[in-house]
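The values are calculated or read from the model by the stated rules, or taken from the named source; none is laboratory data. Here the structure is a predicted model, which means the values were calculated and not measured. Only protein heavy atoms, including side chains, enter the accessible area calculation; ligands, DNA and RNA are left aside. Shrake-Rupley method; radii C 1.70, N 1.55, O 1.52, S 1.80 Å.
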Amino acid sequence: MKRRSFLAMGGATGVAVAMSQIPAARAAVTEAAQSAVSSASSGSSATLRGLAEKIGLRVGTAVIPTDLNTPAYTAILEEQFSVVTPGNAMKWGSVEPTQGVFDWSDADTLVNFAEAHGQLVRGHTLLWHNQLPTWLTTGVANGTISKSQLTSLLEQHIFTEVGRYKGRIWQWDVANEFFTDANPSQINPNDFWVSSLGAGIIPQAFKWAHEADPHALLFYNDYNIAGEDGTNAKSDAVYAWLQQMLDQGVPINGVGNQGHLDTQYGFSGNQMTADLQRYGSLGLKVAITEADVRTFVNNATDQVPTDNLAVFAQPYEFSQMMLAALAVPEVISFTVWGFVDADSWVPGFFTGEGYATLYDVNAQPKLAFYNLLEDLQLAAFGAPRRVPSGGGF
Ligand code: XIL
């Protein structure tokens with residue numbers, strides 16, 4: 001069973017239908033606001049990217065190569081998003097599968113696509129424990145790659161990749177997922193890089209990346225660092241570390257909160273706003289880098305939520321993240337981790353879960369999409385002024 005009934009609003013006329021569902025009270029607008037809203041909802045700016053542009057925010061998505069081979073996906077990608085993050089194509093394991101043998105084909109394709117469609121690129125990611133080439137991890141494990149060789153291999157990797165795309169990457173996720181999920185949280189001593197080379201390799205990576213492309217914005221990126229873990233322990237640890245790095249003059253320009261949420265856990269939008277604000281107060285740019293909201297589903301193909309309330313929690317949590325982003329002027333981009341449920345990483349990584357993106361398995365927009373559109377519409381144009389009635393105020 002496909003779950004199209006709930007989303008009868010989908011399809012080419014989706015935006016118009018969704019707008020008509022806005023309660024009548026909201027339609028009581030002054031002439032000026034009415035024309036602003038209607039030009040937004042009927043014109044080309046009635047898109048996530050178009051509305052966000054009006055307030056200087058960019059809305060992005062992770063992209064995998066198959067997205068570009070599916071015309072229905074490509075149409076959404078061009079229309080709705082102004083930033084592209086290669087989902088896997090820039091990871092070390094993808095670009096250098098055999099030592100010294102590079103494969104830039106997917107990364108090049110995505111960067112070229114973005115540039116052809118007025119989109120910026122978030123580079124992802126240079127220093128991470130996952131998706132490393134096997135030759136590298138095997139060599140470290142069996143001792144054929146020494147510490148000093150590992151250091152120079154990393155240096156070479158960063159200069160090669162950042163250098164290749166110099167001037168074409170807006171934000172680079174230089175370092176990814178270094179903090180533990182414990183309370184208190186700390187840099188994970190068992191992380192591949194930290195256990196091999198010490199925690200000093202993280203600031204070193206930022207210095208190399210800065211040298212390789214002085215104009216790219218360099219980000220530290222992690223999950224659960226803005227109110228998602230209940231205790232805020234991870235956010236506290238990352239905040240303290242960022243402050244220390246900045247005091248030491250490390251060229252870090254921003255912090256990315258991935259934003260992978262799950263409706264089965266608690267989540268506080270207020271806490272997220274406060275945490276994003278706190279990063280911003282360090283003088284850093286802030287980004288939501290991998291937003292998705294997963295929930296339990298019937299199966300990985302249809303991805304129909306099994307809990308009726310999840311159908312409301314999913315768009316609610318997306319919207320709360322967007323509202324947090326909108327409240328903090330240092331937030332420069334809001335990126336989702338893929339936009340179609342059929343292509344999401346969630347069913348493959350979280351048993352029994354899915355329904356995590358803005359579009360369903362048939363590439364029809366879901367309530368979460370319309371909620372983000374409404375949030376951005378309000379942000380771009382403000383709420384319409386009340387119309388005075390009779391002698392009232
Ligand atoms: C995921 C990709 O989406 C999957 O296709 C891949 O198999 C594993 O990695 N945090 C990150 C991303 O920083 O790079 C991860 O992407 C999702 C979690």
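Accessible surface calculations at 1.4 Å, restricted to protein heavy atoms, place the chain at 41 Å² per residue.
Could you check how many percent of all C-alpha pairs in region 97-170 are farther apart than 17 Å? I get 51 percent for the Cα pairs in region 97-170 exceeding 17 Å. All Cα-Cα separations within region 232-327 were binned at 5 Å from zero, giving a P(r) of 3, 12, 21, 20, 15, 11, 8, 6, 3, 1, 0, each value a whole percent of the pairs. One quarter of the surface of the convex hull around the alpha-carbon atoms of region 208-254 equals 3.4 nm², the direction-averaged projected area.
Grouping the Cα pair distances of region 136-204 into 10 Å bins from zero gives a pair-distance distribution of 17, 43, 31, 9 percent in increasing distance order. Taking a straight Cα-Cα cut-off under 14 Å and skipping sequence neighbours fewer than 8 places away in the same chain, the aspartates and glutamates within cross-link reach of K234 are E177, D181, D222, D275. Within the straight-line cut-off of under 26 Å between alpha carbons, the lysines reachable from K54 are K285, K366, sequence neighbours fewer than 8 places apart in one chain being disregarded.
Would you mind telling me which residue in F296, F350, F206 has the biggest mean-square fluctuation in a Gaussian network model of the chain, where springs connect alpha carbons within a distance under 10 angstrom? Answer for the Gaussian network model of the chain: F350.
Once the Cα atoms are used to define both axes, helix 105-116 deviates from the longest principal axis of the chain by about 40 degrees.
Ligands, DNA and RNA left out, the accessible area of the chain computed with a 1.4 Å probe is 53% carbon and sulfur.
Here the Kirkwood formula puts the hydrodynamic radius of region 290-339 at 12.2 Å, using every distinct Cα pair. What share of Cα pairs, in percent, lie more than 23 angstrom apart in region 238-393? Looking at region 238-393, the distances longer than 23 Å represent 45 percent of pairs.
Rounded to the nearest whole Hz, the Karplus-based 3J(HN,Hα) values (6.51 cos²θ - 1.76 cosθ + 1.60, θ = phi - 60°) of region 49-56 follow the sequence 5, x, 5, 4, 4, 5, 10, x, with x at glycine and proline. Amide H to amide H distances under 5 Å link L218 with W172, N253, G254, where only residues 5 or more positions off or on other chains count and H is placed in the peptide plane.
Helix-only arithmetic for the chain: the sum of -39500 (n - 2.57) across DSSP H runs with n ≥ 4, divided by the residue total, places the mean residue ellipticity at 222 nm at -12500 deg cm²/dmol.
Using only alpha carbons, the chain has a radius of gyration to Kirkwood radius ratio (Rg to Rh) of 0.99. Put simply, the amide H of A291, placed in the peptide plane, has neighbours under 5 Å in T335, V336, W337, leaving out anything fewer than 5 places away on its chain. Beta bridges assigned by DSSP with both partners in region 42-176 are antiparallel in approximately 10 percent of cases. For region 215-226, backbone phi angles converted through the Karplus equation (6.51, -1.76, 1.60; θ = phi - 60°) give residue-by-residue couplings of 9, 6, 7, 9, 10, 9, 10, 7, 9, 6, 10, 8 Hz, Gly and Pro being listed as x.
Using alpha carbons only, how many angstrom separate the centre of region 136-151 from the centre of region 360-378? Each part's Cα centre sits 46 Å from the other's. Across the chain, Cα pairs under 8 Å and at least six residues apart give a relative contact order of 18 percent.
Quick one: divide the alpha-carbon radius of gyration of region 188-285 by 2.2 N^0.38 Å and tell me what you get.
1.14
Computed over region 73-224, the range of Cα coordinates on each principal axis works out to 47, 40, 29 Å, biggest value leading.
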